[in-house]
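First the structure, in the form of structure tokens, and then the observations on it.
The values are calculated or read from the model by the stated rules, or taken from the named source; none is laboratory data. What you see is a predicted model; the values in this text were computed from it and never measured. We place every Cβ from the backbone using ideal geometry, glycine too, and count neighbours over all the protein chains shown.
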Amino acid sequence: MVTKDKINQIRHTLYMDAVKFSKKVAPAYKALNWRWSNGDKKCFVPKEKDIRLALIDLIGSLKKYTTQAETGGLRVGYEVNGNEIEAYLTFRIQERSYI
């Protein structure tokens, strides 16, 4: 069972990792010319700070039954395996086809 204290520990760990992770993935967004929208319909390639802020928002949404959240190629979450909890930050490119 994941307690509120464990959720806070997971969030803290992911917050600490978000700075380094945003530095790693920012060049990929630039190389892919991957654009985000800020709600004003202005598209932009996210910079390190934009990515970090998006990660912080996603991490803040994690709860006992909300074990992952994602947006714009970023995914944050955690998995419980017995007594062990694995927290993660990921960047991914995905294409889907519906037949």
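For segment 41-75, a residue qualifies if it is assigned to a helix (DSSP H, G or I), aliphatic (A, V, I, L, M) and touching a helix residue (DSSP H, G or I) at 6+ places or on another chain (Cβ under 7 Å), and the qualifying residues are Ile51, Leu55, Ile56, Ile59.
Within the bounds of segment 32-42, is there any residue that is small (Gly, Ala, Ser), over 23 Å from Met1 (Cβ atoms) and surrounded by 11 or more Cβ atoms within 10 Å (Cβ to Cβ)? Within segment 32-42, none of the residues are small (Gly, Ala, Ser), over 23 Å from Met1 (Cβ atoms) and surrounded by 11 or more Cβ atoms within 10 Å (Cβ to Cβ). Of all residues in segment 5-31, those being surrounded by 14 or more Cβ atoms within 10 Å (Cβ to Cβ), in contact with a Lys or Arg (Cβ under 9 Å, 6 or more places away or on another chain) and under 17 Å from Arg92 (Cβ atoms) number 5.
With respect to Thr66, determine if the residue is among the β-branched types (Val, Ile, Thr) and either under 17 Å from Thr90 (Cα atoms) or surrounded by 17 or more Cβ atoms within 10 Å (Cβ to Cβ) (or both). So Thr66 passes the test. Going through segment 69-84 one residue at a time, which ones are surrounded by fewer than 16 Cβ atoms within 10 Å (Cβ to Cβ) and farther than 15 Å from Val25 by Cβ? Matches in segment 69-84: Glu79, Val80, Asn81, Gly82, Asn83, Glu84. If I ask for residues that are among the charged types (D, E, K, R) and under 14 Å from Leu74 (Cα atoms), which ones from segment 21-48 would you list? Within segment 21-48, Lys23, Lys24, Arg35, Lys47, Glu48 meet the criteria. Residues in segment 76-94 that are assigned to a strand (DSSP E or B), more than 8 Å from the chain's Cα centre (by Cα) and among the polar types (S, T, N, Q): Asn81 alone.
Flag set for Thr13, criterion: outside any loop (DSSP other than H, G, I, E, B) and either more than 23 Å from Arg96 (Cα to Cα) or touching a residue at least 60 places away in the same chain (Cβ under 8 Å) (or both). Arg96 satisfies every condition listed in (1) at pLDDT below 95; (2) of a type in the set (Lys, Arg); (3) surrounded by 11 or more Cβ atoms within 10 Å (Cβ to Cβ) except (3).
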